[in-house]
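Below: one structure, written as structure tokens.
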């Protein structure tokens, strides 16, 4: 009974939004997994195009993609499990069940960067050139991947009544993601209870799209290796810092009330600004010395 998801101020009412495709009685494929797989494929294709623009071997990028995808999935799950250990410590068998969600993007990014560094050392290629080519593909994965949260009814923000406000059936949401503010503003339509939230998955998807456009425009004017990657870290971190503050399902830093992703985002923004200024000055200095 009732629509599954509503955007009341936009006049959008979605009647049937499933979470999975059932095959027979005992097997199903979650839309979350399908979207993540699609994001990986599209991300690889764009990274290959970027590699060509940066004069890197496409086959090299294919080998890197295999390493990064595996590492990113493991890292994303490990990051999530570590900061949700109060639950997974009591339910260890659920650690390996990722079909319903539970992947933290920052964990995937960190694991992917580490895998890329190891790969660059083994194959004797520039780590920063590889990350410059890969970051656009990573953004595609993030843009699409956030829609997996939409189907799972997760990664949303607190109560809002602004024009992008989204209404979700209260019964479809995990109890731990419900705040007092959300419960105080429950909307009842046709006998069905809805919570009204910030669609933070949408905010981040749109923010990442804007960052991707900037990265693509910067590619032809790249002045030093790593410039695109550092821009990605800073711009993504800037948006994530704000968006994370809206969410009700934040992973907290042990023993504190601080959101892990906000802390990490802040660090990455400061790092990206500092390293970009340093690398830019070094590039100018090298150019001046060659001119002399």
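Quick notes
- Inter-label distance for residue 216 and residue 282, nm, one decimal - labels placed 7 Å from Cα along Cα-to-Cβ: 3.0 nm
- Rounded tilt (10° steps) of 127-152 against the dominant C-alpha axis of the chain: 10 degrees
- Acute angle (nearest 10 degrees) that the helix 200-219 long axis makes with the longest principal axis of the chain, alpha-carbon atoms: 20 degrees
- Packing around the peptides 161-170, 106-115, taken as the average count of other Cβ atoms within 10 Å per residue, puts them in this order, highest first: 106-115, 161-170.
- With Cα atoms, 0 to 90° folded angle of helix 31-53 axis to the chain main axis: 20 degrees
- Of [x] 1.01; [y] 0.95; [z] 1.04, the label for Rg/Rh (Cα atoms, Kirkwood Rh) derived from the coordinates: [x]
- Full extension of the chain segment joining residue 193 with residue 86 gains 35.6 nm, where the gain is 0.36 nm per residue of separation less the Cα-Cα distance.
- Cα-based convex hull, the stretch 1-146, per residue volume (Å³, whole number): 171 Å³
- C-alpha center-to-center spacing [the stretch 27-52, the stretch 178-225] in angstrom: 20 Å
- Cα-projected label distance for residue 209 with residue 12, points at 7 Å along beta-carbon direction, nm: 1.0 nm
- Remark: the residue 179-residue 270 segment gains 29.6 nm on full extension, using 0.36 nm per residue and subtracting the alpha carbon distance.
- Once C-alpha pairs closer than 8 Å and six or more residues apart are averaged by separation and normalised to the residue number of the chain, the relative contact order reads 19 percent.
All of the numbers you see were taken from the coordinates with simple rules; none came from a lab. Everything numeric in this text was worked out from a predicted model, so none of it was measured. No Cβ is skipped: glycine too gets one built from the backbone with ideal geometry, and neighbour counts run over all protein chains shown.
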